[in-house]
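K.L.:
Provided herewith is a single structure, encoded as structure tokens, for subsequent inquiry.
The values are calculated or read from the model by the stated rules, or taken from the named source; none is laboratory data. Keep in mind that this is a model prediction, so the values were computed, not measured. FYI the Cβ positions are ideal-geometry reconstructions off the backbone, even for glycines, and counts take in every protein chain you see. The area values use the complete protein model at the heavy-atom level, side chains included, leaving out ligands, DNA and RNA. Shrake-Rupley method; radii C 1.70, N 1.55, O 1.52, S 1.80 Å.
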Amino acid sequence: MNSTMTRRRMIGRLAAWMPLFSTLPTLLGAEKAGRKRLGICGYSYNLHWQAARDGHPKARFKDPLEFLEYCHKLGAGGAQVGIGSRDAAYTARLRARAEALGMYLEGELGLPKEESDVPRFEADIRAAGEAGAEVVRTAMLGGRRYETFDSAEAYRRFAKSSWQSLTLAEPVLKRHRLRLAIENHKDRRVPELLDLLKRISSEYVGVCVDTGNNIALLEDPMKVVEALAPFAFSTHLKDMAVQEYDEGFLLSEVPLGDGFLDLKKMVDVLREANPKVQFNLEMITRDPLKIPCLTAKYWATMEDATALQVVGALNMVRRNAAKKPLPHTTGLDLEEQLALEDRNVTSSLAYAREHLEL
């Protein structure tokens, strides 16, 4: 009697638990699906954007909304893209579509160059906020420090003007409660960028941490990430490959996992510093960049750099030199370039899913 009752009770309890067992795979899948997914930065598709501007029929998108749709098609978690001063109807559609797709959106814009440029900047900020962005990325220098400036004085003038731009932008950011992520864009070395953040001392100004750019300024990429992580509002996640050449070294973005960066550790450092930070792929398909660190012009603006840093950078290059030729787009026709750009992005997304929990 007692054993019969025990069996009946057990059967009853199992019957009650069956609905929960049946939903466990779904619940576990939902938890996995709810993890951050790697987004795509607009610069990962420079060749496609140029094709769109030229009216080429192979261009897959021509505006932020179409770019968002394309990123979703690839399985990305979001997009970082220039929105511009769009009207309210467009930004409402963009926001609604991002929300419907379960994707995040980050803006991309330029700082005001002078007082008369503030209204344009505010219009861009307003549009980004209406589209649902909480972060906008910017760069203070469009080019590269060692290519743009011929003297320390020229660089100091840039540093002064970019600081003025930031002081014009900060009140606008505060008014719209939108955060600005300044990319480490081959312009300021880490101590210089940290000094800028300390001077502005604003909850609305932080960093878009690029995992590879400061190699061009002879800084260790892991140390750069560790130093900037506490200020990270956003990221440009990339992998890098290097080789020597007669005036220094060559530097190339390569698909995630094909370079020498410790991406897993970098992602972990950034996640720990800011669990809400979004990871945006920046896989730029182009010829290798020349880092001419053995020339006089390279050093013209690097007053605080030392010979030890050159030695350290070149030793890093030699230790991690790519065994095969670095990728090139020169010699490829446009359709081949567009196909290569797509392959580089999709390969990186697959690596991020499999190895970085993104």
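K.L.:
Just the accessible area per residue of the range 215-310, please: how many Å² with a 1.4 Å probe?
P.N.:
On a per-residue basis, the range 215-310 sits at 39 Å².
K.L.:
If the only charges are +1 at each Lys and Arg Cβ and -1 at each Asp and Glu Cβ, what is the size of the charge dipole of the chain around the Cα centre, to the nearest 20 debye?
P.N.:
It comes to approximately 1680 debye.
K.L.:
When only C-alpha pairs under 8 Å and at least 6 residues apart count, what is the relative contact order of the range 149-225, in percent?
P.N.:
29 percent
K.L.:
Further question on the same structure: Could you work out the relative contact order of the range 30-171, using alpha carbon pairs under 8 angstrom and six or more residues apart, expressed as a whole percent?
P.N.:
It rounds to 21 percent for the range 30-171.
K.L.:
Which FRET efficiency value, to the nearest 0.05, do you get for T148 and L194 by plugging their Cβ-Cβ distance into 1/(1 + (r/R0)^6) with R0 = 22 Å?
P.N.:
The calculated FRET efficiency here is 0.55.
K.L.:
Under the Karplus relation 6.51 cos²θ - 1.76 cosθ + 1.60, θ = phi - 60°, what is the ordered set of whole-Hz ³J(HN,Hα) values for the range 329-338, x standing for Gly and Pro?
P.N.:
Karplus-based 3J(HN,Hα) across the range 329-338 equals 9, 4, x, 9, 6, 4, 5, 5, 5, 5 Hz.
K.L.:
Taking loop as defined by DSSP and a crowding limit of 10 other beta carbons within 10 Å, which GluC sites (Glu not before Pro) in the range 162-267 fit?
P.N.:
Here the GluC sites (Glu not before Pro) that fit, given the DSSP loop and packing criteria, are E203.
K.L.:
Would you mind checking which residues have amide H under 5 Å from R137's amide H? H placed 1.01 Å from N; only 5 or more apart, or other chain.
P.N.:
G107, E108, L109, A181
K.L.:
Ok, one more. With an 8 Å cut-off on Cα pairs and a minimum separation of 6 or more residues, tell me the relative contact order of the chain in percent.
P.N.:
RCO, the chain: 17 percent.
K.L.:
Also, quick follow-up: Quick one: in the chain, what % of C-alpha pairs are over 35 Å apart?
P.N.:
For the chain, the share of Cα pairs beyond 35 Å comes to 29 percent.
K.L.:
Return the equivalent ellipsoid semi-axes of the range 187-320 as a descending list in whole Å, where each equals the square root of 5 times an eigenvalue of the C-alpha gyration tensor.
P.N.:
25, 19, 12
K.L.:
Using label points projected 7 Å from each Cα along Cα→Cβ, tell me how many nm separate L74 and A89, to one decimal.
P.N.:
It works out to 3.0 nm between the two label points.
K.L.:
Considering only protein heavy atoms and a 1.4 Å probe, what is the carbon-and-sulfur percentage of the accessible area of the chain?
P.N.:
54 percent
K.L.:
Between the DSSP loop rule and a limit of at most 13 other Cβ atoms within 10 Å, which trypsin sites (Lys or Arg not before Pro) in the range 40-130 are left?
P.N.:
Counting only loop positions with at most 13 other Cβ atoms within 10 Å, the trypsin sites (Lys or Arg not before Pro) in the range 40-130 are K58.
K.L.:
Between the DSSP loop rule and a limit of at most 11 other Cβ atoms within 10 Å, which GluC sites (Glu not before Pro) in the range 264-320 are left?
P.N.:
E303
K.L.:
What whole-number distance in Å separates the alpha-carbon centres of the range 283-298 and the range 36-82?
P.N.:
26 Å
K.L.:
Further question: Between N46 and K264, 0.36 nm times their residue separation minus their Cα-Cα distance comes to what?
P.N.:
Using 0.36 nm per residue and subtracting the Cα-Cα distance, I get 75.9 nm.
K.L.:
Also: Taking θ as phi - 60°, what are the ³J(HN,Hα) couplings along the range 234-247 by the Karplus curve (6.51, -1.76, 1.60), each to the nearest whole Hz, with x for Gly and Pro?
P.N.:
Coupling constants for the range 234-247: 7, 8, 10, 8, 8, 10, 10, 10, 9, 8, 6, 9, 5, 9 Hz.
K.L.:
Same structure, new question: Explain nothing, just the number: dipole magnitude of the range 102-261 about its Cα centre with +1 on each Lys and Arg Cβ and -1 on each Asp and Glu Cβ, in debye rounded to the nearest 20.
P.N.:
Using Cβ point charges on Lys, Arg, Asp and Glu, the range 102-261 gives about 700 debye.
K.L.:
Moving to a separate point now. So between N320 and E203, what do we pick up on full extension, going 0.36 nm a residue minus the alpha carbon distance?
P.N.:
Full extension of this stretch gives 38.3 nm more.
K.L.:
222 nm [θ] for the chain, helices only, -39500 (n - 2.57) per DSSP H run of 4+, per residue, to 500?
P.N.:
-15500 deg cm²/dmol
K.L.:
Taking 0.36 nm per residue of sequence separation and subtracting the Cα-Cα distance, how much length would be gained by fully extending the chain between K223 and D246, in nm to one decimal?
P.N.:
Gain on extension, K223 to D246, equals 5.6 nm.
K.L.:
Taking the simple approach of a point 7 Å from Cα along Cα-to-Cβ for both E354 and S116, what is their distance in nm?
P.N.:
5.5 nm
K.L.:
Give me the distance between the Cα centres of the range 149-221 and the range 260-277, rounded to whole Å.
P.N.:
Taking the Cα centre of the range 260-277 as reference, the centre of the range 149-221 is 21 Å away.
K.L.:
If I model a spin label as a point 7 Å beyond the Cα along the Cα-Cβ vector, how far apart are those points for T167 and R60 in nm?
P.N.:
About 4.5 nm separates the two model spin labels.
K.L.:
Sequence-distant or interchain residues sharing an amide H contact under 5 Å with K62, placed H: which?
P.N.:
For K62, whose amide H was placed from the backbone, the distant partners under 5 Å are F67.
K.L.:
Using the Karplus curve 6.51 cos²θ - 1.76 cosθ + 1.60 with θ = phi - 60°, work out ³J(HN,Hα) for each residue of the range 61-75 in order, rounded to whole Hz, and write x for Gly and Pro.
P.N.:
7, 9, 8, x, 5, 5, 5, 4, 4, 5, 4, 5, 4, 7, x
K.L.:
Another question, then. Taking amide H positions as placed in the peptide plane 1.01 Å from N, state which residues far from Y245 in sequence (5 or more) or on other chains have amide H under 5 Å from it.
P.N.:
L250
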